[in-house]
Amino acid sequence: MTFATLGLIEPLLRALETLGYQTPTPVQAQAIPAVLGGRDLMAAAQTGTGKTAGFALPLLQSLTMEGPKVASNSVRALILVPTRELAEQVHESVRQYAEHLPLSTYAVYGGVSINPQMMKLRKGIDLLVATPGRLLDLYRQNAVKFGQLQTLVLDEADRMLDLGFSEELKDIYAALPKKRQTLLFSATFSDAIRLLAGQMLNDPLSIEVSPRNVAASTVKQWIVTVDKKRKPELFSHLLRKHRWKQVLVFAKTRNGVDALVERLQGQGVNADGIHGDKPQATRQRALDRFKAGEIQILVATDVAARGLDIEDLPLVVNFDLPIVAEDYVHRIGRTGRAGATGEAISLVCADEVNLLSAIEVLTRQTLKRHDEPDFIPDHRVPETDASGQVVKKPKKPKKPKTSGGGGKRNLGKWVDSGEVAEAPAVKPVRKVPAFNTGPRKRKP
Ligand code: AMP
């Protein structure tokens, strides 16, 4: 199958040739004809599957072939995304695909001045990429109108709900024309997403390109268990030992990002960090420098890293496991993209055993453990597996009562603690609460 057989027009085919896209990915093969045919779409596609081109290519074609010239302050197609970084990235892809088309495109997001965005919107924009909060601000100031809107795309819809954008989405939805095409993309399909889809989509075609919630199979994944306080030391050790060239590292908190960057810089490592406290321009600069290979280690929080697209990134390290198991899938989606192989390593301490278990349940796999001889933790991480069971630490067996004469004669009853740890049927087991696998707001 080729892009030409999917019915794409020549200017798009030319742009794809320049980009070196030869064969449509599975999500593209399914989405492109459906979107060109005017259908609504509900697609379960994680990042790295080529979903952006899956919706952007047919959208650009429809905008070129159909509909009126865009009026001032109007938009004809709207792509909603959860973060500024994703807005920039999607817009960059759209710009490349639209290179030979007579269409205007633009991206708006918060954290930067609104005035230049208002100016730019005056002439009207054919395809606008936007984060929900800033779009609503612009709408309320009459800088953008939706009367001409043909198509709405919700990209990474699960993430938009996770980040608390449901009110904004509701308000935007109320302002849109009822007659329109709607495409919804989400890595996961929680009840909340299904509800949203029920309200926004009309007889949608469902596409599922990889099994639900299963992490990219091209990524080799493993964990190293370690005591919490020794994680920074272990990271530096692994960095030296494996001579890592370029690593994207995820930390849980902004402070965690700053502390690790400071430590690495102190050791002469070329590292930088991105998180929500840093201005957008600083984040973008760090990202650009990382992409250009000028920074070896980029440390990020989940929100800041959302939507990063770095070609051929060989390695992702989870310095901390994510609180929400779905974020693990998003994180490791940064490597092994578009068929390349990648590696994802997680440093796991005993506190994180429930997070580990939730990830294994979600991705339906037991993550391989590699021990680092000098870092065997004092606080052992209990064994976990994809069934969601955590094997409790074996209790130290009680010394059997001896009726005098020493232990040697009580041979059959004595069990050494080492044997208990090795024994296959270590019980009891307990169910891990499912709080990481469901929608964020659900209580454990
Ligand atoms: P996405 O899942 O949309 O974030 O895309 C992941 C990466 O795959 C991006 O770097 C795209 O440029 C690339 N890509 C998308 N479709 C194709 C294709 N058909 N052939 C080669 N690379 C592609």
### Query
When all alpha-carbon pairs of the stretch 219-391 are counted, what percent fall beyond 19 Å?
54 percent
### Query
Using a 1.4 angstrom probe and counting only protein chains, how large is the accessible area of residue 40 in Å², to 10?
10 Å²
### Task
Just give me a number: lysine pairs in the stretch 4-208, eight or more positions apart or cross-chain, with C-alpha atoms less than 22 Å apart.
12
### Message
Report the gain in length on full extension from residue 289 to residue 69: 0.36 nm times residue separation, minus Cα-Cα distance, nm rounded to one decimal.
### Response
75.4 nm
### Query
residue 267 to residue 166: extension gain in nm, 0.36 nm per residue of separation minus the Cα-Cα distance?
32.0 nm
### Query
Hey, rough spin-label estimate for residue 191 and residue 10, points 7 angstrom out along Cα→Cβ, what's it come to in nanometres?
5.4 nm
### Task
Within the stretch 174-192, which residues have the backbone N less than 19 Å from the label spot 7 Å out from residue 208 along Cα→beta-carbon, could you tell me?
184-192
### Query
Between residue 241 and residue 296, what is the spin-label point distance in nm, taking each point 7 Å from the Cα along the Cα→C-beta axis?
1.7 nm
#### Entry: Segment residue 199-residue 280, extension gain: residue separation times 0.36 nm, minus the distance between their alpha carbons
25.9 nm
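The values are calculated or read from the model by the stated rules, or taken from the named source; none is laboratory data. The structure displayed is predicted, hence computed values, not measured ones. Virtual Cβ from ideal backbone geometry, glycine too; neighbours counted across all protein chains shown. Note: areas computed on protein heavy atoms with side chains; ligands, DNA, RNA excluded. Shrake-Rupley method; radii C 1.70, N 1.55, O 1.52, S 1.80 Å.
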